[in-house]
């Protein structure tokens, strides 16, 4: 077995230095990101972003996702295919989501270090037909998106889409990152916040399809690191466990579409008639300064004073991860970039 010395040193250091709010020090230090947990477990729950401890989706789900990606096309305001039309990638979520996606400045423009800012400056991104719209907003927790009648959807329609000459029928892709404020019950309790997120995200998938009838793909991300939090807004272990909430709602769709029945928490997630096809976007959690295998760390300087919301450097990290994901994923490259392919 080959041991990465840098990683081993970081893990040993973490045993002494990493403290996660709500977890004993020894437990916190031992927590691995879900995408590095693999077949291992957290409180008895198997890791991996997808079923069976894997970070790759089952073949049938992958193929369905490619099919949806290839269906993305320019639409006019009525939702009719048009060479002069547009297709929209829309963000859905809370304060962290809008800060990372756009980080709007006083002039109404997205900050250059945000995802939208980075994408706008990248010549490989399709700037002719793709329109990236930030629908997320501060304070808009999961429960404010889980019904098609929620005020958020009218707000997005009237203040985010309409000013750009766009309609709900042109939204074909969504990035969803949601959480709940002040969670209080952690896994493995049967009423844990992570389970509540499964139900809410299932409802969000159905609400999105109602509001955006041409929606084809939804990509979820969970919270960034919460171990520096100075308030109860969304500390650890809830930030970490929100990843299981995402894992389980996607797994529920995979299981249902493979004939395994409807998940009692997530509800009907049939991507042929009820919701869009769903998958992971970039997985954003790393255990503080303990480097992930791809080098991702979260330093205290990546957060503002409350230790929960990202600073400019934290927003830039997420923006970079989003940009890399959409440029390289076999489910997005064909519509996100000028010359990419989906296969």
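Residues are listed down the side, and each one gets a yes or a no for (1) assigned to a loop (DSSP other than H, G, I, E, B); (2) crowded, with 19+ Cβ neighbours inside 10 Å; (3) in contact (Cβ under 8 Å) with a residue 60 or more places away in the chain:
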site	(1), (2), (3)
52	no, no, no
56	yes, no, no
66	no, no, yes
78	yes, no, yes
84	yes, no, no
91	no, yes, yes
98	no, yes, no
117	no, yes, yes
132	no, yes, no
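Could you tell me how many of the residues in the stretch 267-297 are more than 17 Å from the chain's Cα centre (by Cα), touching a residue at least 40 places away in the same chain (Cβ under 8 Å) and assigned to a loop (DSSP other than H, G, I, E, B)?
Summing the residues that are more than 17 Å from the chain's Cα centre (by Cα), touching a residue at least 40 places away in the same chain (Cβ under 8 Å) and assigned to a loop (DSSP other than H, G, I, E, B) in the stretch 267-297 gives 11.
Quick check: anything in the stretch 192-212 more than 18 Å from the chain's Cα centre (by Cα), without any contact (Cβ under 8 Å) to a residue 60 or more places away in the chain and either farther than 30 Å from residue 130 by Cα or part of a loop (DSSP other than H, G, I, E, B) (or both)?
Yes: one or more hits.
Can you tell me how many residues within the stretch 221-248 are assigned to a helix (DSSP H, G or I) and in contact with a strand residue (DSSP E or B) (Cβ under 7 Å, 6 or more places away or on another chain)?
Of the residues in that region, 2 qualify.
Considering 79, 85, 53, 44, which residue is farther than 24 Å from residue 289 by Cα and in contact with a helix residue (DSSP H, G or I) (Cβ under 6 Å, 6 or more places away or on another chain)?
Answer to the selection: 79.
Can you find even one residue in the stretch 316-323 that is touching a helix residue (DSSP H, G or I) at 6+ places or on another chain (Cβ under 6 Å) and under 15 Å from residue 173 (Cβ atoms)? Before you say what the answer is, go through the steps one by one.
Of the residues in the stretch 316-323, the ones touching a helix residue (DSSP H, G or I) at 6+ places or on another chain (Cβ under 6 Å) are 318-319, 322-323.
Now narrow it down to the ones that are under 15 Å from residue 173 (Cβ atoms): 322-323.
Looking for residues that are touching a helix residue (DSSP H, G or I) at 6+ places or on another chain (Cβ under 6 Å) and under 15 Å from residue 173 (Cβ atoms), one finds at least one in the stretch 316-323, hence yes.
Residues of the stretch 294-324 being under 24 Å from residue 48 (Cβ atoms) and either touching a strand residue (DSSP E or B) at 6+ places or on another chain (Cβ under 8 Å) or modelled with pLDDT under 95 (or both), which ones?
Of all residues in the stretch 294-324, those under 24 Å from residue 48 (Cβ atoms) come to 294-298, 317-318, 320-322, 324.
Result: 317, 318, 322.
Taking the condition of being in a helix (DSSP H, G or I) and within 28 Å of residue 100 (Cβ to Cβ), how many residues in the stretch 250-266 meet it?
Number of matching residues: 5.
Does residue 166 qualify as being within 18 Å of residue 134 (Cα to Cα) and either free of Cβ contacts under 8 Å to residues at least 40 places away in the same chain or part of a loop (DSSP other than H, G, I, E, B) (or both)? Before you say what the answer is, go through the steps one by one.
Details: within 18 Å of residue 134 (Cα to Cα): yes; either free of Cβ contacts under 8 Å to residues at least 40 places away in the same chain or part of a loop (DSSP other than H, G, I, E, B) (or both): yes.
Yes.
The values are calculated or read from the model by the stated rules, or taken from the named source; none is laboratory data. Here the structure is a predicted model, which means the values were calculated and not measured. All Cβ positions, glycine included, derive from the backbone under ideal geometry; neighbour counts span all protein chains shown.
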